[in-house]
Amino acid sequence: MTHRTLGELAERFELELRGDAAHRIRGLATLAAAGPEDLAFLANPAYIGQLADTRAGAVIVAADQAERCPGNALISRDPYVAWAHIAAHLNPAPAATPGRHPSAVVADSASVDPSASIGAQVSIGEHCRIGPRAIIGPGCVLEDDAEIGADCRLVAQVFIGRECRLDERVLIHPGVVIGADGFGLAFERDHWIKVPQMGRVRIGADCEIGANTTIDRGAIEDTVLEEDVRLDNQVQIAHNVRIGAHTAIAGCTGIAGSTSVGRYCMIAGACGIAGHLQITDKVVITAMSTVLESITEPGQYGSGIPARPQRQWQRVLVRLGQLDGWFRRLRSAEKSIDGQGR
Amino acid sequence: MTHRTLGELAERFELELRGDAAHRIRGLATLAAAGPEDLAFLANPAYIGQLADTRAGAVIVAADQAERCPGNALISRDPYVAWAHIAAHLNPAPAATPGRHPSAVVADSASVDPSASIGAQVSIGEHCRIGPRAIIGPGCVLEDDAEIGADCRLVAQVFIGRECRLDERVLIHPGVVIGADGFGLAFERDHWIKVPQMGRVRIGADCEIGANTTIDRGAIEDTVLEEDVRLDNQVQIAHNVRIGAHTAIAGCTGIAGSTSVGRYCMIAGACGIAGHLQITDKVVITAMSTVLESITEPGQYGSGIPARPQRQWQRVLVRLGQLDGWFRRLRSAEKSIDGQGR
Amino acid sequence: MTHRTLGELAERFELELRGDAAHRIRGLATLAAAGPEDLAFLANPAYIGQLADTRAGAVIVAADQAERCPGNALISRDPYVAWAHIAAHLNPAPAATPGRHPSAVVADSASVDPSASIGAQVSIGEHCRIGPRAIIGPGCVLEDDAEIGADCRLVAQVFIGRECRLDERVLIHPGVVIGADGFGLAFERDHWIKVPQMGRVRIGADCEIGANTTIDRGAIEDTVLEEDVRLDNQVQIAHNVRIGAHTAIAGCTGIAGSTSVGRYCMIAGACGIAGHLQITDKVVITAMSTVLESITEPGQYGSGIPARPQRQWQRVLVRLGQLDGWFRRLRSAEKSIDGQGR
């Protein structure tokens, strides 16, 4: 990382600077660890106690915290967003080195933009199309007719099934499997038979897919992620799911087949969402919840139970099992009172 | 896909045809999307409203729905099963292209049937055996002494550990890890020591294993899937588990060590099943349930809690914590009533 | 496996032998399956019934069980630990075959110890450092500047992100992704922007990481596993998590960002632990629990609910929804009693 002056950063990112415009920034760090050449930020109020003692060369802060900042301050209405922009500017994502590694296996019928980068040990099937500046990292496998948009990056060891399609700037982390068969089975007398999965997966622009996440191809029609969907690691998206634009889903959550999730939803980690549901826009699901019915109103929903000391929890479990009986006893107590009160 | 006439389909799949035997089918589609050359089906009653308006060239339906079908009908006792057969007939799974890709690394001592297909970037260890017409897709790794039965397909990037064995027609999706070490640890004074995992994984005929699923090798004896077991994506099967024939397990479910699951079970998504349990045949576990005890009777079991609006759920959580106290108050109220009633 | 006499085993592992010191052991087996040349062990009291009938050549047992042993006995204070040591001695982990497979792609600037083994289809980036006797199995990808300590083993298809660092003797199973980007997003007006993930992952000596587990790189500082941490399969560790030495985490558990877990903790399978928490040392979390608050006292915690017959469970769910109303009724009953009692 080369250096930038605070003046340059303030101008480029349209931030107000309080302090020394000539001060040089060479690194990025937390409030606690930053030194005089580092930029830090304060977004989460939990860390406000670290502001007074920071040795950071400058801190990105909201206007109402700026006075507490002991050194230079870059003032932003949303310090976290400003941080994201500056950090990306100082640590740009790797650019594609055009060309194919000699160990890559690329079908003759594939169309690879000359500005794209095809890494070591890659396998690209017939009629695939790889767009400008796309990066296909080491060990990736693209089946026939896969289509990768401009400026996509498949970091490494990603699988893209036949005919699946990624729009521009999709970022996919290692171990992701897109377009494996959905879990389609029909039961015939005494055994299962496989139901062919003929749909595709289509992924909109600016999506990011976390490591080891799986997105199955549709049974007949497609599984769809609209633009700017953000999936964390180890998320499971079943066949024919549709996820609306700008929805974010945290790690280990699974969504069963044919469910549709709206736009601007936020689904926390380790949730399970049943199949064939409709979740409307702007729904928030809290951690480790089970969604078994459609949700028609925006808002926050949940069913996660916070852990307690095991002995207390065991008592709760016992009480849960007794609820039915106790309810009957309460009803009978009410009757007695009623009788006695007359 | 080449075309078939409805007469040909009716004859081959032993279905009753109501309509034009010469009508040509070239594609497969949903009721809503089908055009005049497409075949559709109606199995889930939720979609019956789409039947009247379908433009499909023909619809596979049950006899009691056939009259509502506006065009040609293929009548089946189980339309979904008929659909699965016809769709597989019209979209056959890829056949093995015999031979080895030049980039594959195959140990000299491995025995590969000449009709098998070994893809790009594959690595096959010493003494492996690959059966007739098996497909080992790009990026797969087989450790020494692995055995792959006839007509198996490892789609891509699958790992098969040493000595593990697949019977015929096993289909394994990308990212699956079969035969990694089980989680065997012994605690010695102040640190863990590894317990060697010496068993294998054995997988019966006609199993299907979903993307990124993991099946650990046994500690001493083998981990076993009997025939026709169907695992969805991101399922975790620990060491020495045994899963009975024809059991299906949905995504994100985990089964801990040495548990045995019966035949014809159906386990929904995101369940956790503890170790050393016996689950009998024909048990159904509903979504996101925790199984902590053996199950000796067939039937449906569960402990998943449907999400509610977060405020309501918070109140339930508060009440859960108060149950003990309230139960004591109920008991004391009963005593008062009892005293007053005398 | 070559044979050992019981006398040799007793001496090397400092166990008391009751029986024939010249008896030869050629294999390892369970009590039930062992034959006269096999060694077995009894650690779990659940299997004590199998002791009387075992045909094992010898059994590792605790002193108080030795008399029940029908044949030779090796006596240990902790039979499972003794078993682990002997089994590892008789089944040693594979040693590195020094050298690089010709299909491996290794950057010129990488420093690979001559005693290390680089497998088929491996890709190693610029400036990586691979220590003595390390094994990089087939299909692994190491990004630039990754560092692998002495005697590490990456079994196959493992991903190590740029600048990530493994200390000595780390064992990583197939499909593991270490050092993918954390899930860092900032919301700007109407869309997400990515927050660069600039930290690393550092993994201490003697850690073991199960198949398809994911450990994200830190946002600014590092994600850290201290020494002897043991992770099972499909565990998800988010950015900036810190896990203390000797902690073991079972399959399918997820830990959200910036949470710190203490030393000597044991976390069961399928748990979800929220972000920004502090879990102290020696905490046990039971299966399928949700941890939403910091834990400051050692001990056992949980919130998993054991599955019941679905009909019973449905009644519990109905009652849960009614709790609020019933509590109000109980309060009013108490008031009536109070009024009547005056």
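The values are calculated or read from the model by the stated rules, or taken from the named source; none is laboratory data. Just so you know, these numbers come straight off a predicted model, no measurement behind them. Because the Cβ atoms are built from the backbone with ideal geometry, glycine has one as well, and the counts that use them run over all protein chains shown. When the accessible area is computed, the model is the full protein with side chains, heavy atoms only, and any ligands, DNA or RNA have been set aside. Shrake-Rupley method; radii C 1.70, N 1.55, O 1.52, S 1.80 Å.
Rounded to the nearest 100 Å², what's the accessible area chains C and B bury against each other, both chains counted, probe 1.4 Å? Display every interim value, and only then the final one.
Values: alone 18940 and 18930 Å², together 32420 Å².
Summing both sides, the interface buries roughly 5400 Å².
Say the dipole of the protein assembly as shown comes from +1 at the beta carbon of Lys and Arg and -1 at that of Asp and Glu; which of C:Ile295, A:Val316, A:Ala73 then lies farthest toward its positive end?
Farthest towards the positive end: A:Val316.
Of all the C-alpha pairs in chain B, what % are more than 29 Å from each other? Each step should come with its number before you reach the end.
Values: 33950 of 58311 pairs.
Summing the P(r) tail past 29 Å for chain B gives 58 percent.
Using only atoms on other chains, find how many Cβ atoms lie within 10 Å of each Cβ of peptide A:203-216 and report the average.
If you average over the peptide's residues, the count of other-chain Cβ atoms is 5.
Can you give the FRET efficiency for A:Asp108 and A:Arg55, using 1/(1 + (r/R0)^6), R0 = 60 Å, r = Cβ-Cβ distance, to the nearest 0.05?
So, using R0 = 60 Å, E works out to roughly 0.55.
Whole-Hz Karplus ³J(HN,Hα) for region A:13-29, in order, using 6.51 cos²θ - 1.76 cosθ + 1.60 and θ = phi - 60°, x for Gly and Pro?
So the Karplus estimates, Gly and Pro as x, are 9, 6, 10, 7, 9, 10, x, 8, 5, 8, 4, 9, 10, 10, x, 10, 7 Hz.
For C:Ala63 and C:His191, compute 0.36 nm times the residue count separating them, minus their Cα-Cα distance, and round to one decimal in nm.
So the extension gain works out to 39.4 nm.
Where nothing but the Cβ of Lys and Arg (+1) and of Asp and Glu (-1) is charged, how large is the charge dipole of region C:99-301 around its Cα centre, in debye to the nearest 20? Before the final figure, lay out each step's value.
Working: 16 positive and 26 negative charges, 57 e Å.
For this selection, approximately 280 debye.
Step through the residues of region C:159-172 one at a time and calculate ³J(HN,Hα) from phi using the Karplus curve (6.51 cos²θ - 1.76 cosθ + 1.60, θ = phi - 60°), rounding each to whole Hz and writing x for Gly and Pro.
Computed from phi, the couplings for region C:159-172 are 10, 10, x, 3, 6, 6, 9, 10, 6, 6, 6, 7, 10, 10 Hz.
Size of the dipole of chain B about the Cα centre, Lys and Arg at +1 and Asp and Glu at -1 on the beta carbon, nothing else charged, in debye to 20?
Roughly 1560 debye for chain B.
Once phi is turned into θ = phi - 60°, what whole-Hz ³J(HN,Hα) does the Karplus curve with 6.51, -1.76 and 1.60 give for every residue of region C:267-275, x standing for Gly and Pro?
Once rounded to whole Hz, the list reads 10, 6, x, 6, 8, x, 10, 5, x.
Could you give the length gained on full extension between B:Tyr47 and B:Glu14, defined as 0.36 nm per residue of separation minus the Cα-Cα distance, in nm?
Stretched out fully, the B:Tyr47 to B:Glu14 stretch lengthens by 9.4 nm.
With springs only between Cα atoms under 10 Å apart, run a GNM on chain A and tell me which of A:Val283, A:Val61, A:Val241 wobbles the most.
Most flexible of the set in this elastic network: A:Val61.
Could you tell me which residue out of C:Cys265, C:Gly218, C:Gln197 lies farthest along the dipole of chain C toward its positive end? Charges go on the beta carbon: Lys and Arg +1, Asp and Glu -1, centred on the Cα centre.
Toward the positive end, the furthest listed residue is C:Cys265.
How are the C-alpha pair distances of the protein assembly as shown spread across 10 Å bins, as whole percents from the shortest bin up?
Result returned by the calculation: 2, 10, 18, 23, 20, 13, 8, 3, 1, 0.
Just the number, please: carbon plus sulfur as a percent of the accessible area of region C:4-90, 1.4 Å probe, no ligands or DNA/RNA counted.
On the way: 1960 of 4290 Å².
Solvent-exposed carbon and sulfur of region C:4-90 make up 46 percent of the total.
Label points 7 Å out from Cα along the Cβ direction at A:Glu37 and C:Arg311: separation in nm?
Output for this residue pair reads 7.5 nm.
Shielding of A:154-161 by partners, i.e. mean partner chain Cβ atoms within 10 Å per residue?
Averaged over the peptide's residues, the number is 6.
How far is the Cα center of region B:59-73 from the Cα center of region A:114-185, in Å?
Centre-to-centre distance over Cα atoms comes out at 41 Å.
Kindly provide the helix-only [θ] at 222 nm of chain C, computed as the sum of -39,500 (n - 2.57) over DSSP H runs of four or more divided by all residues, to the nearest 500 deg cm²/dmol?
-5000 deg cm²/dmol
Just going by the charge dipole of chain A, with Lys and Arg at +1 and Asp and Glu at -1 on Cβ, which of A:His101, A:Gly19, A:Phe187 is farthest out on the positive end?
The one lying farthest along the dipole's positive direction is A:Phe187.
Provide the packing ranking of C:21-32, B:170-181, C:139-150, A:287-298, i.e. peptides ordered by the mean count of other C-beta atoms within 10 Å per residue, highest first.
On the way: C:21-32: 17.3, B:170-181: 28.5, C:139-150: 24.5, A:287-298: 19.4.
Listed from highest to lowest mean packing, they are B:170-181, C:139-150, A:287-298, C:21-32.
If R₀ is 45 angstrom, what is the calculated FRET efficiency for the pair B:Glu293 and C:Ala93, using the beta carbon separation as r and rounding to 0.05? Write out the running numbers ahead of the final one.
Details: r = 36 Å, r/R0 = 0.81.
The pair B:Glu293/C:Ala93 has a calculated efficiency of 0.80.
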